[in-house]
Structures are given as C-alpha cells and as structure tokens.
Amino acid sequence: MITMAPWALAPEASTKTQEEFVFRKPERTDGNRVHSLIESCPPLDTNSSYCNFLQTTHFKDTCIVAESDGEMAGFVSAYRVPEKENTLFIWQVAVGEKARGKGLAFKMIQQLLARDDLSDIRCIETTITRLNKASWALFKKVDQANGNLGEVSLFLDEEKHFDGEHDSEYLYRIPLKQ
C-alpha cells in the first residue's frame, strides 16, 4: 500500500487553491510560454525554446504548470533519474513576478508529488548554486516538511566542470516521508 505524505494535496487533473492557481500538466502549446517565463526568472539558466518544448511534451508527466487568470504563473520541470527510478530530479522552478511571495513554488512541488503516476517517488534531488537564496529557502522548506533528512553535496565544481564559467552546483537530496 502506498501512502501519500501528509503534506501532499490530493491530486486532480487540474486543481485550484485559495489563491486561484490552476495546476496542470504542461501541453505542447506551452513551450514558448515556459521559455518566456524562465527568461523572466534570473538566475535560472535559459535553455533553448526547443528544450522547453521537450519538457512540455516528453517530460509532461513530471512537470507542472500553474496558471492564474489565464496567465502562466509558474512552472516546474523535473524528470525521473534514469539510474534511480524512484528519484525525481527537479531541474528548474520558475515563478512569475506577479505570483511571487505566495508560496507557489512549494505548492507546485506538492501538487507534482501528489500525482498518482509519481506515487512511487521516494526522494527528490535538485542542484542549486550557492547564491540562489530563493531555491535554498524553497528546498529547505520541502526538506523540513519531510523530516529534515536532506543532504547537500557538491555536484558540479565551478573550476573542474565549468572551467570557471558557471558557479558550482550543489546537489540537495531529500528523502520523502512515506
């Protein structure tokens, strides 16, 4: 029997919260809007729009869109780690300017993890640069909701892996409550 984490919301195809956000799986037509949203959210790396179309098609089951008043308010891209099928790697979390300060990023992760087709996920991972305070705060909140068992380690070194052209990325691994 699989039990949902007590903090997870009941999954639905499209759900609304008291802030009037609608959560849903992305669609092919969302690719450009995802790309524009990510561009408006520094320090997130802007990938090609083609990458965002792949996220909204090939990875739609592990990504989530949040809308408010018909506008894209947020997007989380994630995928199952190939060598660790029960681990969800959260690649990027983007929240539009109008939706910031409302806990949307945390709610998107809750909604994503509440999906039936992700009920076997036992751990989430993400990478964060040292200076990305918003991401550290978000994932510390996720960690706290799951018993503060997360671990941080160096994933990609600024000099060794990026030749000094990108800040080091730290892997934050958070086991989920069962």
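The values are calculated or read from the model by the stated rules, or taken from the named source; none is laboratory data. Keep in mind it's a predicted model, so treat the numbers as computed, not measured. Quick reminder, even Gly has a Cβ in these numbers, built from the backbone with ideal geometry, and neighbours come from all protein chains shown. To get the accessible areas, we keep the full protein, side chains included, count just its heavy atoms, and leave off ligands, DNA and RNA. Shrake-Rupley method; radii C 1.70, N 1.55, O 1.52, S 1.80 Å.
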* Asked: In the stretch 32-64, what residues are assigned to a helix (DSSP H, G or I), in contact with a Leu (Cβ under 7 Å, 6 or more places away or on another chain) and closer than 20 Å to ARG115 by Cα?
  -> THR62
* Asked: Where residues in the stretch 123-161 are of a type in the set (Val, Ile, Thr) and within 14 Å of the chain's Cα centre (by Cα), which of them is most open to solvent (accessible area, probe 1.4 Å)?
  -> THR127
* **Count of the stretch 30-72 residues which are within 22 Å of ILE124 (Cβ to Cβ) and basic (Lys, Arg)** => 1
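For every residue, the table says whether it meets (1) open to solvent by less than 60 Å² (accessible area, probe 1.4 Å); (2) not in a strand (DSSP E or B).
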{"site": "ALA73", "(1), (2)": "yes, no"}
{"site": "PHE89", "(1), (2)": "yes, no"}
{"site": "VAL93", "(1), (2)": "yes, no"}
{"site": "LYS98", "(1), (2)": "no, yes"}
{"site": "LYS102", "(1), (2)": "no, yes"}
{"site": "ILE121", "(1), (2)": "yes, yes"}
* Asked: Which ones in the stretch 104-117 are surrounded by 17 or more Cβ atoms within 10 Å (Cβ to Cβ) and assigned to a helix (DSSP H, G or I)?
  -> LEU104, ALA105, PHE106, LYS107, MET108, ILE109, GLN110, GLN111, LEU112, LEU113
